[in-house]
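One structure is given here, and the rest of the page talks about it.
The values are calculated or read from the model by the stated rules, or taken from the named source; none is laboratory data. Everything numeric here is computed off the predicted structure, so don't read it as measured data. Cβ placement follows ideal geometry from the backbone for every residue including glycine, while neighbour counts extend to all protein chains displayed.
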Amino acid sequence: MHSFHYRDNRLFCEDSDLAQIAETYGTPLYVYSQHTVLDHFQRLNAALKGLDHEICYAVKANPNLTLLRLLNDAGAGFDIVSGGELYKVLSSGGSASKCTFAGVGKTREEIAYALHNEVLSFNVESEPELLAIQEVASSLGKTAPIAIRVNPDVDAATHKYISTGKSQNKFGIGLDRIEAVYELAAGLSHVKIVGVQTHIGSQIRESKPFVEALQKLVPLVKRLRQRYGIKFFSIGGGIGIVYQGSLESGREEWWSDETTKQGMTIEEYVTAVGPLLEDVGVRVLLEPGRFLVGNAGILLCRVLYIKETPVKRFVIIDAGMNDLIRPALYEGFHEIVAVDRNPKLDPIVADVVGPVCESGDFFALDRKISGCQSGDLLAVMSAGAYGFAMASNYNSRPLPAEVLVDGNSAQLIRRRQNYADLVEFELSVDED
């Protein structure tokens, strides 16, 4: 699952001591395991070997240039949702010809930028967007490759903020209208139909929603292949990961996950969807993000204070919701463990909270965690996806640093912001 483990009650990433990394680079600090990222990519790639396929990493999960370069060198393509993400892919050495451009609100400037760089495909989300792509392509004398995103109206059984495949979501075009939109696209002078795309949501922990979507869409894909000669079917990403109880080798005896719904294995996912795709007749694109990098990253933080009240105990740490917003935004669960486990300290029940001036600034509520004291290091697990990618400068807090571990080597891949960085782009207005 990942390469974080205890040695003599000290938490390591691969062969690197996390306490030493924190001493070198400070906290809060994101730490990623190179082995975990590559292992997840290679295992998924190998499991799909009987299928004509390509894995396109969803850049939004974590757009650090070093991670993009790592995946590009491993053979990945990319799923992008903005012109900025395309720029980052290109800056990392990736090729636009291996990028699918998704998102419901592409601007004309972004469309032109992607056309100039010859992206593999635009994933079209609406008729107005299709016509905008036609207009931009015509003005530039180019032909835009497109796949239209189909919304199959499938309940992915995930958090409502990350569900994308139901009819009330803003994404894609319904099955009742999709063929008419393809017919519209076929009549446009500067558009070329190259594929079909779908994506039903994120952090999906069972195969049933994927199977339901494919059962609806595979017959459509076959019809579109016959009519328009499409080259690929992008089935999106969304494979869930384990957040609760992810540190198998480090579980305290009081941990219980009897009610925890674990994620699918790669084998379970491929066994479920593979047979439905075997005779689809086109290349299959997958767009995993969280699955590749989620368990590969942690957020290291230090305990500032232990605050006791008549009704609560608070463990106040130096990381805040601006560094990792998932618990506040999605009520997302992250396992929190001690970097140095002290067997002399009994477990405690506490709210783990940050310094941001919001009651929503928490990482865990009424959570049983290892006993800890002021100055101790904690690791917030499974923070490699939608962690730093969603971080902000709220409360004028500098962004944390990022480190990549490869065996016993730890490399800084993004420096920590300082106070001067907070005002670098602000302009003074002279008063009369």
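Computed values, structure above
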quantity: Filter result (closer than 23 Å to residue 175 by Cβ and either surrounded by fewer than 16 Cβ atoms within 10 Å (Cβ to Cβ) or not assigned by TED's automatic domain parsing to the domain that holds residue 78 (or both)) within the stretch 105-125; calculated: 105
quantity: Tabulated pairs, the stretch 269-284, first farther than 12 Å from residue 222 by Cβ, second among the basic types (Lys, Arg) and at pLDDT 95 or above, C-beta under 9 angstrom, 6+ apart or interchain; calculated: 283/231
quantity: Elements of type strands (runs of 3 or more DSSP E) in the stretch 1-116, at least 2 residues being in contact with a Cys (Cβ under 8 Å, 6 or more places away or on another chain); calculated: 29-33, 77-80, 99-101
quantity: Given (1) at pLDDT 95 or above; (2) of a type outside the set (Asp, Glu); (3) farther than 30 Å from residue 74 by Cβ; (4) in a loop (DSSP other than H, G, I, E, B), number of the condition residue 169 does not satisfy; calculated: (1)
quantity: Residue that is farthest from residue 4 (Cα to Cα), among those in the stretch 335-375 that are under 29 Å from the mean Cα position of the chain (by Cα) and touching a residue at least 60 places away in the same chain (Cβ under 8 Å); calculated: 368
quantity: Residue within the stretch 96-104 that is under 15 Å from residue 402 (Cα atoms) and either in contact with a strand residue (DSSP E or B) (Cβ under 6 Å, 6 or more places away or on another chain) or not assigned by TED's automatic domain parsing to the domain that holds residue 317 (or both) present; calculated: no
quantity: Filtered residue count, the stretch 389-410, keeping only those that are without any contact (Cβ under 8 Å) to a residue 60 or more places away in the chain and surrounded by 11 or more Cβ atoms within 10 Å (Cβ to Cβ); calculated: 1
quantity: Only listed residue being at negative phi, part of a loop (DSSP other than H, G, I, E, B) and of a type in the set (A, V, I, L, M), chosen from 273, 352, 315, 311; calculated: 311
quantity: Filter pass, residue 110 being of a type in the set (Asp, Glu), out of contact with any Lys or Arg (no Cβ under 9 Å at 6 or more places or on another chain) and modelled with pLDDT of 95 or more; calculated: yes
quantity: Filter pass, residue 345 being surrounded by fewer than 17 Cβ atoms within 10 Å (Cβ to Cβ), in contact with a Cys (Cβ under 8 Å, 6 or more places away or on another chain), at pLDDT below 95 and of a type outside the set (D, E, K, R); calculated: yes
quantity: Pair list, Cβ < 9 Å and 6+ apart or interchain, from the stretch 122-143 residues that are in a helix (DSSP H, G or I) to residues that are surrounded by 20 or more Cβ atoms within 10 Å (Cβ to Cβ) and small (Gly, Ala, Ser); calculated: 130/185; 133/144; 134/144; 134/185; 136/144; 137/144
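Here's the yes/no breakdown for (1) under 28 Å from residue 114 (Cβ atoms); (2) crowded, with 16+ Cβ neighbours inside 10 Å; (3) modelled with pLDDT under 95; (4) in the same structural domain as residue 281 (by TED's automatic domain parsing):
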residue: 173; (1), (2), (3), (4): yes, yes, yes, yes
residue: 177; (1), (2), (3), (4): yes, no, yes, yes
residue: 182; (1), (2), (3), (4): yes, yes, no, yes
residue: 191; (1), (2), (3), (4): yes, yes, no, yes
residue: 195; (1), (2), (3), (4): yes, yes, no, yes
residue: 199; (1), (2), (3), (4): yes, yes, yes, yes
residue: 211; (1), (2), (3), (4): no, no, yes, yes
residue: 215; (1), (2), (3), (4): no, no, yes, yes
residue: 223; (1), (2), (3), (4): yes, no, no, yes
